[in-house]
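Below: one structure, written as structure tokens.
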């Protein structure tokens with residue numbers, strides 16, 4: 001019983017990138033807490049290094065802590081780039097709103113809509 005409880009409390013984060021016309025998509029799945037925020041920050045930095053135009057797909061993320069917010073904030077507020085969030089679930093959206101990160105950031109409901117917007121005019 002104790003092992004099952006421990007597994008339930010284990011947080012993991014998987015990230016992947018996908019090159020698309022006009023930029024790159026960073027897909028995150030899991031929970032972004034103090035233990036996984038460094039990996040999230042590294043993935044954000046690597047995506048931004050590949051392209052200044054980044055879609056961050058958070059559909060598979062159900063929790064983001066202050067550490068994750070800091071990493072996301074650095075990417076969203078970086079000079080010379082354009083960031084679009086997509087697939088933001090209600091718990092994550094509320095956290096982003098309370099942290100003031102929704103001001104001035106583009107949010108789309110789906111990855112396809114975000115990619116279309118990334119291509120832009």
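Only the coordinates and a few stated rules stand behind these numbers; no lab work does. Here the structure is a predicted model, which is why all the values come from computation and not from measurement. Here Cβ is always computed from backbone atoms with ideal geometry, including for glycine, and neighbour counts include all displayed protein chains.
Data overview
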read-out: Order of 14, 57 - criterion: other Cβ atoms within 10 Å of each residue's Cβ, fewest first; value: 14, 57
read-out: Stretchable slack from residue 119 to residue 103, in nm (0.36 nm times residue separation minus alpha-carbon distance); value: 3.6 nm
read-out: Among 30, 80, 109: highest mean-square fluctuation, GNM of the chain, C-alpha pairs under 10 Å; value: 80
read-out: Considering only the chain, percent of DSSP beta bridges that pair antiparallel, nearest 5; value: 35 percent
read-out: Sites residue 19 and residue 73 - FRET efficiency at Förster radius 25 Å, r taken between beta-carbons, to 0.05; value: 0.55
read-out: Candidates 20, 55, 76: whichever shows maximal mean-square fluctuation once the chain is modelled as a Gaussian network with Cα springs under 10 Å; value: 20
read-out: Nearest-ten-degree value, helix 37-50 long axis tilted from longest Cα axis of the chain; value: 20 degrees
read-out: Helix 66-76 vs. the chain, principal-axis angle (Cα, 0 to 90°, nearest 10); value: 10 degrees
read-out: Sequence of 17, 110, 75, 36 once ranked by neighbouring C-beta atoms within 10 Å, starting from the fewest; value: 110, 17, 75, 36
read-out: With eigenvalues of the C-alpha gyration tensor scaled by 5 and rooted, the chain, Å; value: 25, 15, 13
